[in-house]
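Only the coordinates and a few stated rules stand behind these numbers; no lab work does. Treat the numbers as computed from the prediction; the structure is a model and nothing was measured. All Cβ positions, even for glycine, are placed from backbone atoms using ideal geometry, and neighbour counts span all protein chains on display.
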Amino acid sequence: MKSKPRIFVYKMTADNGGAPCLMNDLLSLAICKPKIRHKAKVGDWIIGLGGKHLGDGIIYVAQVTGTAGAEYYRDRDFARRPDCIYHFREGGLTRKKSAAYHEDPANMATDVGTAPEYRNARVLLSLDFRYFGKKREAMPPALKAFADSIGRGHRVNHDPARRRALVSLIGRLWRKHTGPTVIGEPHSKPDASVCCSRDEGTAECH
């Protein structure tokens, strides 16, 4: 029996074009959220909600349509993407001098892991997404208490009623906004000083 696609839901601490990253009709999640990047498979869904600094509401919804590993940082097709902040030099990954994100070296362990395995260098790709940014979509009343209860980390194990509500929400948003599309702008501009949250890795802002 084929398993149902999972639905990962989390609250975003920042929305500055880095995670998720949108360019050329492709949404990518390459930095931060290593637990989701490790677990999510093609067909699964990701819902990013606004945290306390961004305001309530849905910032993006995406279905995973592809994945990449450390080759993301070798492939010329991805080289100009804002979240492709590392490159291979002298046999290992280093942060690009031009990178707009994660200047703190502690973020590298969260983003890609350590050499030579780079176990965290797993990138989620989506060609089927709705990104709302500042124009956040409201959570329906049936899911508001659930959204309010989310703290650190993510939620993926849902009871049948909640799963039905999430599936209904996705369907409604896809009917309202046809085609993979960007509806709003990010909440803020790129900021290299912003770090990954501690619950999802080892990086910590100082």
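Only helical DSSP H runs with n ≥ 4 go in: add -39500 (n - 2.57) per run for the chain, normalise by residue count and round the 222 nm mean residue ellipticity to 500 deg cm²/dmol.
One gets -5500 deg cm²/dmol as the mean residue ellipticity at 222 nm.
Between beta-carbons, use under 11 Å as the cut-off and find the net charge around R6, counting Lys and Arg +1, Asp and Glu -1.
That sum, taken over residues with Cβ under 11 Å, equals +4.
Taking +1 at the Cβ of each Lys and Arg and -1 at the Cβ of each Asp and Glu, which of A70, L29, Y10 sits farthest along the dipole of region 1-138 towards its positive end, judged by Cα position relative to the Cα centre?
Final value for the positive-end residue is Y10.
At a Cα cut-off below 28 Å, give the lysines reachable from K11, other chains included and same-chain residues fewer than 8 away excluded.
K33, K35, K39, K41, K52, K96, K134, K135, K144, K176, K189
Test of understanding: in a Gaussian network model of the chain with alpha carbons linked when under 10 Å, which of I46, I31, I183 would top the mean-square fluctuation ranking?
The residue with the greatest mean-square fluctuation here is I183.
For T181 and E117, calculate 0.36 nm times their separation in residues minus their Cα-Cα distance, and state this gained length in nm to one decimal.
Computed gain between T181 and E117 is 19.6 nm.
What angle do you read, to the nearest 10 degrees and between 0 and 90, between the alpha-carbon axis of helix 160-176 and the longest principal axis of the chain?
The angle comes out at about 80 degrees.
Given charges of +1 on the Cβ of Lys and Arg and -1 on the Cβ of Asp and Glu, with all other atoms neutral, how large is the dipole of the chain about its Cα centre, in debye to the nearest 20?
720
Springs between alpha-carbon atoms under 10 Å, Gaussian network over the chain: tell me which of V167, V156, V194 tops the mean-square fluctuations.
Among V167, V156, V194, the largest GNM mean-square fluctuation belongs to V167.
When you count, for each residue, the other Cβ atoms within 10 Å and take the mean per peptide, how do 107-115, 86-94 rank with the highest first?
The peptides rank, most packed first, as 107-115, 86-94.
Go ahead and set up a Gaussian network model of the chain, Cα springs under 10 Å, then flag whichever of L27, L49, L143 fluctuates most.
Sorting by GNM fluctuation, first place goes to L143.
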